[in-house]
Ligand code: XMP
């Protein structure tokens with residue numbers, strides 16, 4: 001039996017031995033895993049670490065600001081933030097196939113990351129917040145042998161292209177252990193407890209074509225939904241909760257006028273590792289409160305539905 005304090009000390013020694021006096025780049029996603037990896041590595045090698053955060057325009061409400069505040073202001077970790085929204089939006093225009101969207105985002109992410117890495121003079125190592133389930137899921141999947149359900153987004157391909165070696169200090173850990181390690185490292189509870197967020201971001205929560213307008217609508221609906229979940233004290237009981245913006249418009253009535261706007265689906269699941277999941281059984285009154293608020297407060301949405309699909313047969317994300 002080991003404790004998180006021991007794990008922390010062991011990993012810090014390992015990172016120092018592996019990296020020596022060389023430089024490390026870490027791509028932050030806004031999620032818990034890359035943040036914990038970055039803080040751990042920073043503790044081991046300090047200023048030899050530079051973090052890069054690519055804002056692809058597919059982030060949740062205020063996510064970029066939160067990351068900037070935490071890393072630059074709180075931890076004093078060198079952080080490069082890349083504003084790449086326009087690049088991603090123009091590349092996503094016209095793409096509707098889920099795998100094409102995923103592949104474009106993964107490839108463009110690597111392009112942007114590589115450009116930034118060159119600007120700051122490169123590095124010998126690339127740090128990743130890879131977890132144990134990521135290691136397994138890339139080998140096998142519950143869907144059966146050699147079936148790709150979804151191509152996973154990470155910075156795979158980059159290490160070879162840039163001739164970088166990998167630092168992956170979380171490879172043995174499960175999500176709940178990463179959260180414990182994050183706490184051990186002093187990351188704020190509100191950050192450590194955040195729900196997982198996929199690399200391709202909001203793009204896979206907007207079936208069909210993605211645009212900045214659609215992302216803006218989805219961000220607002222998602223923020224209202226999460227605020228209601230936090231207010232109800234349910235956030236920590238849920239593995240992941242998020243809104244999905246459907247490319248379907250339906251007719252509604254508001255005041256004495258006709259509306260013709262998007263449908264928003266709400267998703268909430270419980271899970272221990274994301275491999276299987278059950279829907280979260282909200283009270284009907286909670287869901288109708290969310291629906292009312294979203295329709296009243298978010299222009300572009302006039303209907304809200306709740307997703308009752310477990311995994312399997314569904315996946316957690318819609319694409
Ligand atoms: P699915 O939708 O496959 O998702 O049931 C399982 C878990 O993985 C997350 N997810 C991703 N995470 N890159 C990531 O880092 C991805 O491309 C990606 N796709 C899905 C999803 O949010 C859920 O937690």
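Every number here is computed from the coordinates shown, using simple stated rules; none is lab data. Not measured: the values here are computed from a predicted model. Every residue, glycine as well, gets a Cβ built from its backbone with ideal geometry; the counts of neighbours run over all protein chains shown.
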> Anyone know which of 78, 247, 281 comes out most mobile in the 10 Å Cα GNM of the chain?
Replying inline: 281
>> Just to confirm the number: angle between the C-alpha axis of helix 98-119 and the first principal axis of the chain, 0 to 90 degrees, nearest 10?
In response: 40 degrees
>> Give me the three principal axis extents of the chain from the C-alpha atoms, as integers in angstrom, largest value leading.
In response: 69, 45, 44
> Between the helical axis of 212-231 and the dominant principal axis of the chain, each derived from Cα atoms, what acute angle in degrees is found, rounded to the nearest 10?
Replying inline: 90 degrees
> Once you sort the root eigenvalues of the Cα gyration tensor of the range 199-260 as a ≥ b ≥ c, which label holds: rounded (a/c under 1.5), prolate (a/b larger than b/c) or oblate (the other case)?
Replying inline: oblate
> Size of the range 42-186 along its principal axes in angstrom, Cα-based, largest extent first?
Replying inline: 41, 36, 34
> What share of all Cα pairs of the range 196-319, in percent, falls into each consecutive 10 Å distance bin?
Replying inline: 13, 46, 34, 7, 1
> Using only helices, what value at 222 nm comes out for the chain when you add -39,500 (n - 2.57) per DSSP H run of length 4 or more and divide by the total residues, to the nearest 500 deg cm²/dmol?
Replying inline: -12000 deg cm²/dmol
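Between rounded, prolate and oblate, where does the range 136-278 land on the alpha carbon gyration tensor, with a ≥ b ≥ c its root eigenvalues, rounded for a/c under 1.5, else prolate if a/b exceeds b/c?
Details: a/c = 2.10, a/b = 1.51, b/c = 1.38.
Because a/c hits 1.5 or more and a/b exceeds b/c, the range 136-278 counts as prolate.
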> What angle, in degrees between 0 and 90 and rounded to the nearest 10, separates the Cα long axis of helix 32-45 from the longest principal axis of the Cα atoms of the chain?
Replying inline: 20 degrees
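Mean shadow of the range 1-91, computed from the convex hull of its alpha carbons, in nm²?
Details: hull surface 28.8 nm².
Computed as one quarter of the Cα hull surface, the answer is 7.2 nm².
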> How do the peptides 51-58, 83-90, 227-234, 266-273 rank, highest first, by the average count of neighbouring beta carbon atoms within 10 Å per residue?
Replying inline: 51-58, 266-273, 83-90, 227-234
>> What number do you get for the range 1-50 when its Cα radius of gyration is normalised by 2.2 N^0.38 Å, N = residues?
In response: 1.16
> Considering the chain as a Gaussian network with a 10 Å cut-off on Cα pairs, which listed residue, 41, 136, 110, attains the greatest mean-square fluctuation?
Replying inline: 136
